[in-house]
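Scroll down for the structure; my scribbles are underneath it.
What follows draws every value from the coordinates through simple rules; no lab data is involved. Quick caveat: nothing in here was measured; it's all calculated off a predicted structure. Note: ideal-geometry Cβ built from the backbone for every residue, glycine included; neighbour counts use all protein chains shown.
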Amino acid sequence: MEMRVQLYHGEALAAYGFGSGHPFGHDRQAAFWQEALRQGLDWQTEIGAPVPGTEDDLALFHTADYIARVRRQSQSGQGYLDSGDTPAFPGVFEAGTVVVGSVLDGLKNILAGRCQRVFVPIAGLHHARRDSAAGFCVFNDIGVLIEALRRRHGIKRVAYVDIDAHHGDGVFYAFEDDPNLIFADIHEDGRYLYPGTGFANETGTGAAKGTKLNIPLEPGADDTAFHRVWPQVEEFVRAGRPEFIILQAGADSIAGDPITHMQFTPGAHAHATTRLCALADEFCQGRIIGLGGGGYNRFNLAAAWTRVVKAMLE
């Protein structure tokens, strides 16, 4: 099969955002896309149009009551979908389903052999819980993707690697007792940053104990700290022998983000992607999906995400 990378882009993806002045604004996709065009990534990749998901897709991970609630508040555009971080807006339901649908479309194209690697910039909403929004995340596309891999495609052993500054709590706790989800997360220590979780002693429960790796770093951790701990992630994923790899490439771990305290450079994102692609080639027939995740400095997210796509191409 020809090695191809599919990159998702379109106004329907940009619609997932919380308006002018909010850290997670509608302009995040455009910031990335302008840099992607400057680097010629539009002609080096297959461009995928956004695809809306269905309620059946959402129900792979989310409760029926929560899905119905988001739909209701999407119509009114009023109130919050959590305790105060994630406001409803008119059309939030439809915007959230496009994030989920685009990720699942990328999965479909990988499994059909049309590409090996996919990057969806407005995705990786790792805080949403099965029954609630959290931390700017309405529907957890990662949770839906993991459940779709298992229930629809029979792919059980999945590795999830998260380098966003925030702990991926919505994924971690949903699969804390799942021995087939290999979970590795490098993030700012929860004593200093939302959501206040992801401590090193959180390694899974029951039959899943030891299948989860949380690596909290002190505020100000830079690329030296990243490269010190990255080999643990690589060894952990390798030991899990996954059939599929998911990377949440949040750019809020880069120096200069307005709401975190990490000091990585985009080189960390490039390195993580290069090494995970090598593991995907070794264990997963090359199959890997990258998701943009957080990142609230527009220059940073453009730099980090283009490095992820270039690493996938190389």
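Here are a few things to note about the model shown:
- For the peptides 84-94, 6-16, the ranking by mean Cβ contacts within 10 Å, running from highest to lowest, is 6-16, 84-94.
- Total formal charge among the other residues, if their Cβ is under 10 angstrom from that of Ile288, Lys/Arg +1 and Asp/Glu -1: +1
- Counting only DSSP beta bridges with both residues in the stretch 5-313, the antiparallel share comes to about 10 percent.
- Farthest positive-ward along the chain dipole, Cα basis, beta-carbon charges - from Val158, Ala12, Gly220: Val158
- Sorted by Cβ neighbour density within 10 Å, fewest at the top, the residues Asp189, Asp27, Asp169: Asp27, Asp189, Asp169
- Charge context of Val233, other residues only, Cβ under 14 angstrom, K/R +1, D/E -1: -1
- Normalised by the number of residues in the chain, the average gap of Cα pairs under 8 Å and 6 or more apart makes the relative contact order 19 percent.
- Scanning the chain for trypsin sites (Lys or Arg not before Pro) that sit in a DSSP loop and have at most 13 other Cβ atoms within 10 Å, the longest stretch containing none of them is 1-129.
- Relative contact order for the stretch 1-117, counting Cα pairs under 8 Å that sit 6 or more residues apart, in percent: 34 percent
- Of Asp281, Asp141, Asp105, Asp185, the sequence from fewest to most neighbouring Cβ atoms within 10 angstrom is Asp281, Asp105, Asp185, Asp141.
- Summed over qualifying helices (DSSP H, 4 residues or more, each -39500 (n - 2.57)) and divided by its residue number, the chain shows a 222 nm mean residue ellipticity of -12000 deg cm²/dmol.
- Share of pairwise Cα-Cα distances greater than 23 Å in the stretch 163-264 is 21 percent (whole percent).
- Taking other Cβ atoms within 10 Å as a rough exposure proxy, Glu35, Glu218 sort from fewest to most as Glu218, Glu35.
- Straight-distance candidates among the lysines for linking to Lys212, with alpha-carbon spacing under 22 Å and chain neighbours fewer than 8 residues away dropped: Lys156.
- Less than 5 angstrom separates the built amide H of Ala134 from those of Ala128, Arg129, all sequence-distant by 5 or more or on a different chain.
- Surrounding net charge for Val118, when Lys and Arg each add one and Asp and Glu each subtract one, Cβ distance under 13 Å: +2
- Three-way shape call for the chain based on the alpha-carbon gyration tensor, with the a/c threshold at 1.5: rounded
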